Amino acid sequence: TKSSVQDSYPDSVFVQFLRESGVTLTAGSTANEIAVDQVIFQKRLQQQLRKHPRFPNIIQEFISALETYIEDPERFRNCLLPCVPSSTSQQDANSGSYQESLVRLLLGIEMLKNCQKNKKKKYFFLIVINTLFEKLPEFMFEGVSEDGLNVPRLIINQLKWLDRIVDGKDLSSKLMQMVSVAPVEIQRDIITSLPEILEDSQHGDIAKELNALLQQNTQLPVPILDALSSLNLSSALLSEVRDVVMGTLSAVQLEDLPVIVKFILHSISASDANEVVCDLRKKLELEQCVLPAVLQASQSRMKSKAMSGVPSCNNGQDSVALVLEVIKSAIRFQKTISEAWLKVSSYNHDSFFCFTFWYNISMQLNRRGAERVLRVKVRKGLIQENLLQKTFKGHAQVMRGYFPSILALAQGLLRSPDCCVVSFGGHMYKQAFTAFDSYCQQEVVGSLVTHACSGVSGEVDVALELLCELVSQKPAEMSQFTVFVKGILDYMDNLTSQQIRRLFHLLSCLAFGQEQHGGHIQDDMHIVIRKQLSSTVPKYKRIGIIGAVMMVGSMGACRNKPDGSQGGTLPKETHRQVMALLELVRSCSESSPEAAALYYDELANLLQTCKLDPLVQVPFVFPAYVMHNLDEDESQGGIAINLLPLMTQDQQRVSPLCLSSFFRLLRLCEEVQHQGDLEEIDALLGCPLILTDMEVVEKVESLSKAEREFLCSLLFYTINWFRETVNAFCKQNDPEMKMKVVTRIQNITYLQSLLQTCLAGTRKTDYLLPQCVSLTTTDNCLLWQDLPEKENEKEKEKDAKSGVSLSSYWPFFRELDVEVLSVLQCGLLSRTLLDTELHSKLREEVQLGPAELLFLLEDMWRKLDFSLASAPAKKAPFLKSKTDRAVGFAHLQQKNAKEIATYCIELLPTLCTHLENCHNHFQCWLACLGVVDAPGVDVKEQQLMCSAYQLLLQVLHTTFSWAGFSGPEHRALLKSALGVLAGRLKEDETDLTLDQLSRHAFEYLQNFRSTVPSLNTALLLSFSPATLTKRFLCQEWVTASGEKERGNKYNDALQTLLSIYLEHTDDVLKAVEEIAGEGVPELLNAAKDANSRSWPTLNRHTFLVYYKSMMAVLERAVRKIPPSKQTDNQEVQSEKLLTWNLAVRDFHILINLVKMFDSRPVLTVCLKYGRLFLESFLKLGMPLLDYSFKKHKEDVQSLLKTFQLSTRQLHHMCGHSKIRQDTGLTNHVPALKKNLEQFVYRVKAMLTLNHCQEMFFFFFFFFALQGEEILSQRSQAVDEEEEESSQLQSEEEV
């Protein structure tokens, strides 16, 4: 109580002075009371001490009484706590309710601190501070009391934010001494309070002491860095502290890491941002921050032994989240740090790169730069799926915060034309769906559905493939979003057959899978299928057939035997539904041969790709007599395909269109039932067909329209039957079966030659080809029939004589399986024929000829071009017809690009053998060219071998151009492919690096350069531009008949080859001058049809190709000349001036060639590239002349004189185009004349700048004095002459 305190100290100066000043001291846990305002109390106490008779000794008595009073812990604590207003308080009602503690009120009295520089008063202040520090050890180990008070913390709080400090250096020294002996908790409180206690003048000294303490004590990094962050430090000291902190980064506790990273980032300046971030990036490994769940739980239990409950396992995740939040804040508010992080991350490929990148995307900071860096790294294979998976799996909590930016980025990547980038975008979708919550999963599915409905073919394919993968991997999670996926059904009109197949497979797996997670849409699926099947529109009936078969595949798939199933693994009800659905499809498709054939093809594809339950029986509708008794002896009668009578019947029981489709279904059923053995139906490979006498083809012109169309259809059906039999039996290992397969391929090539002749005679009619119903049949397939009609009259006359090319008709043929390419491996096949007495009489031999080799290589190249060289299709322009590129590749689409590449690499030894055979063939042909009695050349065989040679190189080129080889996951595949080529050259060497294998492979291919038969083939070997291209250009190319190569294809190949040579030659300007200055004059002096002696490919027919290439390359070369600067030294200026002199000289030579070759295409090229060259000269050349005129006056004058000759010629061409009124030429005139005018004014400005204005008239009138007319005057004269001539003609008529 109050009385007890006063009774205890009745004569205490301390108690008496405080009471008279307005503060009443209390005992126990009651706070001291103050009756007046704090300022009034301080003034009263100061006046009492000053006016006391024993002043200044009374101050020492007052301090002694204070020390005696606070010996009691309760009273000492009350002095540290804020005072409370007394009931009789005289304070103003508007004053603050918060009161300071008694100790802070005493420290706030000015007299006690610094009054007239009295040493005793300074000493008195330090005694008060010492008294507090002496009391601190008494409570140092007590911790927090029952009422929640921490006395050491209260003592430290008394020193914060003092208005004035006496001898701050001594105070800081005492504080650091206390830190050295205090427990860790007290140390942290003292260190974190230092910025609030000390004056600014002491910040440097205390920072040095904290820096030393940081190196000694690893338990205090957080409070030390907090204190240092609040101190005013010099840049040098801050850098020193940062280096120390960086050195201790690997040894700190995980919980302290966010504070340390924050200090490092906040201490960065613009000059050292890259260096500091790079160092931090190397020492900060997030993968080591998150421990496995078992270790996390173990550590949590060790830290919380006395605590109940389940330990948390997210400490590592929380710390990582805080670290990334610190980095995020620094990147957001400091541009230099953002740029430094992005730059440093471009050299490191781990989770930190992902975090930094996605933050830049999410905050729109350098978004384009970040996306560009990511795309480049993905293309190079530096960022792979395993890194993405590790990032999402190990830091899901952190990545969840970046989900919007992840989704936006994945959407952009999926629309990229680069297949590697598209694949990475798909991985992002999958990882986001796997790692995040249901809301994110819903957004992922919604985004993929949007892609699937976009109408862009490549984007739709990838989206549907991703949805199928998610359904197979996460069926339970995907079942929640079945309604979203079902929405794609509204956009089926824009989907191809393969896309529709994937869509129904996706929905069927959800609705009818083993778990039937999406069973609620089963009725909707049945409704959609029945609606499509009942439609009379072929397009929708096709959708219904595909959807129904895919539903059968999901419903009737083999599964674990459930309870209640009898006699098989399929429940009775499911089996009933499957068979009912098959019967429904059969009944809806039997009225249309196209629909029936598609139905059989779809069933065949289902058998090939899906394992059905044995209870599911595929229905057959063909008459039994067509397919029975296949294994009977020949003595009982053979079998034959009754094709001709089948086509001539008025009422066909079965359409011949369904024949090949049904056979494919039959064959696959046999393979499934007999594990690939086709012995039961092998007679179909060699059985005859009932056709007509093919000699009628020679008289096709004399046949009627109906007869010609019937003959073409008959040949189409026959070829398709043979193609399907080759598909069926190409994998058989029996030599006799292989011989029959090769024979069938020979039959195909022979029938194709007959078909070419027949089609040439029917092209003027409205004959519609029998549509090849296959898995990719679409309405767009009919567009292919219009392609051959677009040829000109000359080509039609030529085709009428030699037949048409079937390249435009190949979508109407049955697709060959990839396995058919294994026939390329067949060498010489033979068998012995026995007579009736079983004696060997004849020996039959079969091998691939040039026509068969060409047939297989063409098919192989089309397959590789579709699978390996294709990029995601872009959306078709508005009002443009859309052609389905996938037509004819239905079976191929069932395999991914890696499988196709692997199969092709397996065939590489065989392809190399065929390539070497072609090389040997043409080597012998070249050796016999000069021999008089050499055997005659078979022109047709020579053309076939030439085409086969080119296709072999195209196949190799397409294979090794596959973008997938750039990824590290396919690096082993690339190495094996290069090893095949390198092994043909050096068989003994093994364990070579990728670079060594590439070098040996190039050396192997270079061996074929001497025998390439055509320029198009040579173009495929132009991978070494510096050596091979010039050799090919300096070689005369002739056909098998001895004529020179010519035509549009030859010109295109020549232009490409010439551009490669000029682009990669060491000196472009010298090469252009060599061709234009030497090769062209040789051509002018030669005969009319002769070639240039030094450049045999240069003749009057190819001059335009050379001229256009030289002008284009010259213009690009001058654009690459570095721009001139006034600071360039004299040597650099001289070098650039010399380059421009050579360029202008080449340009002048090319312009003058128009005088000898003045055709309209040459004029067009000259006007177009002349303007571009002039623009580059004005932009890059004239600044150089400005700086070089004084030092290189003669060189500049010579350059301008030469260039002026060219500009005058261009001016004359402009006038010529205007007089002729040629629109194609006059389109280039306005821009060119504008540049010519700018050139005049720019030269005048240059001369004015160098104080030589008088030379301007010399330049532009010099040639006029020599008799040359100015172009404007010449044009006017021509106009006047035309007017006069017209007037004379009118007068004569009158």
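The values are calculated or read from the model by the stated rules, or taken from the named source; none is laboratory data. All figures in this text were calculated on a predicted structure; none of them were measured in a lab. FYI the Cβ positions are ideal-geometry reconstructions off the backbone, even for glycines, and counts take in every protein chain you see. Side chains included, ligands, DNA and RNA excluded: accessible areas come from the protein's heavy atoms. Shrake-Rupley method; radii C 1.70, N 1.55, O 1.52, S 1.80 Å.
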Ordered by residue, what ³J(HN,Hα) values in Hz, to whole numbers, does region 192-204 give under the Karplus form 6.51 cos²θ - 1.76 cosθ + 1.60, where θ = phi - 60° and Gly and Pro are x? 5, 8, 4, x, 8, 9, 7, 7, 4, 5, 8, 5, x
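Could you sort out which of LYS731/LYS898; LYS160/LYS328; LYS895/LYS986; LYS1044/LYS1218; LYS208/LYS283; LYS1108/LYS1201 sit more than 30 Å apart by Cα distance in this structure?
Numbers: LYS731/LYS898 21 Å; LYS160/LYS328 33 Å; LYS895/LYS986 33 Å; LYS1044/LYS1218 38 Å; LYS208/LYS283 24 Å; LYS1108/LYS1201 25 Å.
Listed pairs above 30 Å: LYS160/LYS328; LYS895/LYS986; LYS1044/LYS1218.
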Between the DSSP loop rule and a limit of at most 16 other Cβ atoms within 10 Å, which trypsin sites (Lys or Arg not before Pro) in region 1014-1099 are left? ARG1046, LYS1088, ARG1093
Can you give the Kirkwood hydrodynamic radius of region 1086-1194 from its Cα pairs, in Å with one decimal? 15.5 Å
Only loop residues by DSSP count here, and only those with at most 14 other Cβ atoms within 10 Å; note down the trypsin sites (Lys or Arg not before Pro) in region 134-227 that meet that. LYS160, ARG164
Residues whose built amide H sits under 5 Å from the amide H of ILE641, excluding neighbours closer than 5 in sequence, are LEU689, ILE690
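Lysine pairs in region 391-531 with Cα distance under 18 Å, only those 8 or more apart or on different chains: how many are there?
5
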Tell me the label-point distance for the pair THR910, THR1248, using the 7 Å Cα-to-Cβ offset, in nm and rounded to one decimal. 7.7 nm
Pulled fully out, how much extra length does the chain show between GLN847 and ASN1051, if you take 0.36 nm times their separation in residues and subtract their Cα-Cα distance? 69.8 nm
Three-way shape call for region 997-1144 based on the alpha-carbon gyration tensor, with the a/c threshold at 1.5: oblate
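Translational diffusion coefficient, Stokes-Einstein: compute it for region 124-238 using the Kirkwood radius over C-alpha pairs as Rh, at 25 °C and 0.890 mPa s, and state it as an integer in µm² s⁻¹.
168 µm²/s
Would you mind checking LYS43/LYS169; LYS1049/LYS1088; LYS262/LYS390; LYS1190/LYS1244; LYS1168/LYS1234; LYS1070/LYS1136 for any pair whose Cα atoms are more than 19 angstrom apart?
LYS43/LYS169; LYS1049/LYS1088; LYS262/LYS390
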Contour minus end-to-end for LEU828 and GLU138, with contour as 0.36 nm per residue of separation and end-to-end as the Cα-Cα distance? 237.8 nm
Given the options VAL726, GLN673, ALA706, identify the residue whose Cα lies farthest towards the positive end of the charge dipole of region 657-728 (+1 on Cβ of Lys, Arg; -1 on Cβ of Asp, Glu). ALA706
If amide H atoms are built 1.01 Å from N in the plane of the peptide, which residues on other chains or at least 5 residues away come under 5 Å of the amide H of VAL84? ASN32, GLU33, ILE34
What ³J(HN,Hα) values, in whole Hz, does the Karplus curve 6.51 cos²θ - 1.76 cosθ + 1.60 give for region 909-914 when θ = phi - 60°, with x put for Gly and Pro? x, 5, 4, 5, 5, 5
Could you put TRP962, TRP810 in order of accessible surface area, largest first, with the 1.4 Å probe and the full protein assembly present? TRP810, TRP962
Return the long-range amide H neighbours of VAL1038 (sequence gap of 5 or more, or a different chain), with a cut-off of under 5 Å between placed amide H atoms. GLU1045
What order do ASP493, ASP243, ASP256 take when sorted by accessible area (1.4 Å probe), most exposed first? ASP243, ASP493, ASP256
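Leaving ligands, DNA and RNA out of it, rank ASP189, ASP817 by accessible area with a 1.4 Å probe, largest first.
Numbers: ASP189 30, ASP817 10 Å².
Per-residue accessible area, sorted high to low, gives ASP189, ASP817.
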Would you work out the charge dipole size for region 370-475 about its Cα centre, treating the Cβ of every Lys and Arg as +1 and the Cβ of every Asp and Glu as -1, and quote it to the nearest 20 debye? 460 debye
With every protein chain in place, what's the accessible area of ARG1171 (1.4 Å probe, Å², nearest 10)? 50 Å²
Using a basic spin-label model with each label point 7 Å from the Cα along Cα→Cβ, how many nm lie between CYS1034 and GLU899? 5.0 nm
Determine ³J(HN,Hα), in whole Hz, for all residues of region 687-694 in sequence, where each value follows from phi through the Karplus function 6.51 cos²θ - 1.76 cosθ + 1.60 and θ = phi - 60°; x replaces Gly and Pro. 6, x, 10, 7, 10, 10, 5, 6
Mind listing which GluC sites (Glu not before Pro) in region 1044-1136 are in a DSSP loop and have 12 or fewer other Cβ atoms within 10 Å? none
SER201 to CYS687: extension gain in nm, 0.36 nm per residue of separation minus the Cα-Cα distance? 164.2 nm
Could you give the dipole magnitude of region 159-264 about its Cα centre, charging the beta-carbon of Lys and Arg +1 and that of Asp and Glu -1, in debye to the nearest 20? 100 debye
Let me know the Rg and Dmax you get for region 373-457 when you use only its Cα atoms, in Å. 12.5, 36
Probe 1.4 Å, all protein chains in place: accessible area of CYS1034 in Å², nearest 10? 50 Å²
Rounded to the nearest 10 Å², the accessible area of MET739 at probe 1.4 Å: 10 Å²
With charges set only on the Cβ (+1 for Lys and Arg, -1 for Asp and Glu), what does the dipole of region 417-474 come to about its Cα centre, in debye to the nearest 20? 140 debye
Surrounding net charge for ASP147, when Lys and Arg each add one and Asp and Glu each subtract one, Cβ distance under 15 Å: -1
